[in-house]
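Everything below concerns the one structure shown next.
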Amino acid sequence: MNKETTLTNDNSTMKKFNKYAWLTLLSFGFTYLFFYNGRQNINLVMTQMASELGSTTAALGVVSSSLFWCYAFGQLVNGRLGSVFGYKRFIILGVVASALLNVIISFQHSIPVIAVLWGLNGFFQSMLWSNGLGVINKWWPKSKRGFTTGLATFFSGMAQVVTYLTILLCLRLNPEWGWRSAFRLPMLPMLLMIIALIFFFKEDPVKEGFAPIKDEDEERDNKLLDEIKSKGFFYPYKILFTEPKVLIFCLISAIAGIGRYGLLTWVPTYFMEELGLTIKDGIFSSILLPFGQACAMFIFPIITDKLLKGKREPMLIIAALITFAGMLVFPFIKQQQFASIMLFVLGVFSMVTGVIWAIAGDVGGKAFSSTVIGVFDWAVYMGAAIQAALFGFVKNTFGWSSIFIIIGALYVIMLVLTLIARKMKTKRI
């Protein structure tokens with residue numbers, strides 16, 4: 001790693017530590033690369049589902065929101081539960097259960113049944129992110145946190161691209177299955193990635209015979225770890241939800257969730273309904289959005305490490321300003337090529353969760369890391385759930401432009417909250 005680690009001076013030990021750190025990071029990243037096949041797939045076949053099941057895209061937006069609600073509250077507890085019962089165990093359970101539920105959904109004909117199963121899928125999907133990043137933070141020092149969270153979230157962003165391409169391939173290979181093909185074959189690569197996770201994902205440097213990483217916050221982390229042991233399971237939540245700065249970043253996270261998933265959920269449908277594209281052309285044009293998001297997830301946290309010297313808030317301010325301007329322009333673009341280019345720009349600057357995960361690591365350290373990430377991700381998916389439930393009805397009532405204007409206005413609020421948060425210090429962590 002670097003001079004911040006407290007390993008022995010033995011070169012072979014250092015090399016082995018670095019090897020395990022990279023294997024842990026990459027095995028989790030590649031697992032997540034295919035994990036959205038069991039989450040984003042519904043957004044790409046919503047029009048087909050509505051047609052076959054005799055419903056509307058607005059109603060299926062409510063179905064889609066069931067995953068976000070359950071994912072949000074799952075994140076709130078699963079980061080903490082993983083630290084108690086085993087990170088790897090939770091991650092493997094989440095992948096297997098999500099794949100199984102997707103296959104079961106593919107045989108359903110009732111929208112209420114699909115909504116319940118999709119919500120349950122959301123809970124199991126929530127078992128991965130906070131637990132994975134919590135483990136990664138144990139292997140990498142604070143000075144590398146922007147890079148590691150950026151790389152992990154880059155895999156998350158590219159997972160959306162992988163999902164888009166996978167669904168296109170499945171629709172072509174199995175046209176007779178219709179929308180149901182999106183819930184079957186895409187589950188295979190999800191399950192195959194578990195093999196790499198089982199062999200290469202290491203939960204804790206100490207369990208592998210290494211000394212833990214020494215960071216500048218080590219004294220604080222050790223104190224918090226001792227407090228957790230003596231004060232019980234719910235103590236981290238008591239601390240976090242009484243920190244004003246944490247609460248502000250929860251609001252910022254919720255807005256980021258509305259922006260990210262508001263676009264991911266509705267842009268494919270926008271291309272098909274407003275610009276008259278086929279499902280194939282609509283999905284292909286929409287790929288630039290998650291690709292832009294993936295680039296931002298990787299680059300933004302690294303910028304905060306290298307250029308901003310660990311200051312995360314300026315990146316949020318820049319992103320909020322550009323996203324606001326882009327959202328005002330997008331509804332007036334009626335040509336597919338220009339809309340696709342603008343989607344890439346919006347994908348880049350609306351995607352600020354990579355920076356948020358770096359902030360979560362800074363706030364939580366090794367002691368609270370998975371719990372803070374879980375809390376922030378809970379807020380992200382509360383925002384995602386709200387947009388999925390409401391934007392379909394907003395679109396039907398006020399038109400497509402209303403969705404983009406609302407998202408733009410929320411990024412102005414994000415800007416104001418960030419300006420407030422950058423002046424604040426945490427009191428107890």
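The numbers here are math on the coordinates, done by the rules we state, and not lab data. Keep in mind it's a predicted model, so treat the numbers as computed, not measured. Note that we place each Cβ from the backbone using ideal geometry, even for glycine, and neighbour counts take in every protein chain shown.
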Need one number for segment 102-254: average projected area of the convex hull over its C-alpha atoms, nm². 12.7 nm²
Round to a whole angstrom and tell me the spacing of the C-alpha centers of segment 53-69 and segment 151-195. 20 Å
Using the Cα atoms as the points, what is the convex hull volume per residue of segment 81-151 in Å³? 96 Å³
List, largest first, the extents of the alpha carbons of segment 299-367 along their principal axes, each in whole Å. 49, 20, 17
What residue among GLN40, GLN160, GLN335 has the largest mean-square fluctuation in a Gaussian network model of the chain, using Cα springs under 10 Å? GLN335
Per residue of the chain, what 222 nm ellipticity follows from adding -39500 (n - 2.57) for every DSSP H run with n ≥ 4, rounded to the nearest 500? -26000 deg cm²/dmol
If you take the beta carbon distance between ILE341 and SER402 as r and set R0 to 35 Å, what does 1/(1 + (r/R0)^6) give as a FRET efficiency, to the nearest 0.05? 0.95
How much length is gained if the chain between LYS427 and GLU176 is pulled fully straight, taking 0.36 nm per residue apart and subtracting their Cα-Cα distance, in nm to one decimal? 84.5 nm
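Going down the list LYS229/LYS427; LYS19/LYS245; LYS144/LYS425; LYS142/LYS223, which pairs span over 24 Å between their C-alpha atoms? Please report the intermediate quantities before stating the final value.
Numbers: LYS229/LYS427 20 Å; LYS19/LYS245 36 Å; LYS144/LYS425 22 Å; LYS142/LYS223 17 Å.
Violating the 24 Å limit, Cα to Cα: LYS19/LYS245.
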To one decimal place, what orientation-averaged projected area in nm² is obtained for the convex hull of the Cα set of segment 289-338? 4.0 nm²
Show log10 I(q)/I(0) for segment 35-117 at q = 0.14, 0.20, 0.26 Å⁻¹, two decimals, from a solvent-free Debye sum over equal Cα scatterers. -0.54, -0.95, -1.36
Whole-angstrom gap from segment 75-132 to segment 290-324, using each part's C-alpha centre: 29 Å
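At a 10 Å Cβ-Cβ cut-off, how would you order TRP179, TRP139, fewest neighbours first? Walk me through the intermediate numbers first.
On the way: TRP179 22, TRP139 26.
Starting with the residue having the fewest Cβ neighbours, the order is TRP179, TRP139.
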Which longest uninterrupted range of the chain lacks any GluC sites (Glu not before Pro) assigned by DSSP to a loop state (not H, G, I, E or B) and surrounded by at most 13 other Cβ atoms within 10 Å? 217-429
Pairwise centroid distance, computed over Cα atoms, of segment 410-429 with segment 340-392, Å: 15 Å
Prolate/oblate/rounded label for segment 368-420 (Cα gyration tensor, a/c 1.5): oblate
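Using the Kirkwood radius over Cα pairs, work out the Stokes-Einstein diffusion coefficient for segment 1-144 at 4 °C and 1.567 mPa s, in µm²/s as a whole number. Before the final figure, lay out the partial values.
Working: Rh = 17.1 Å.
Here the translational diffusion coefficient equals 76 µm²/s.
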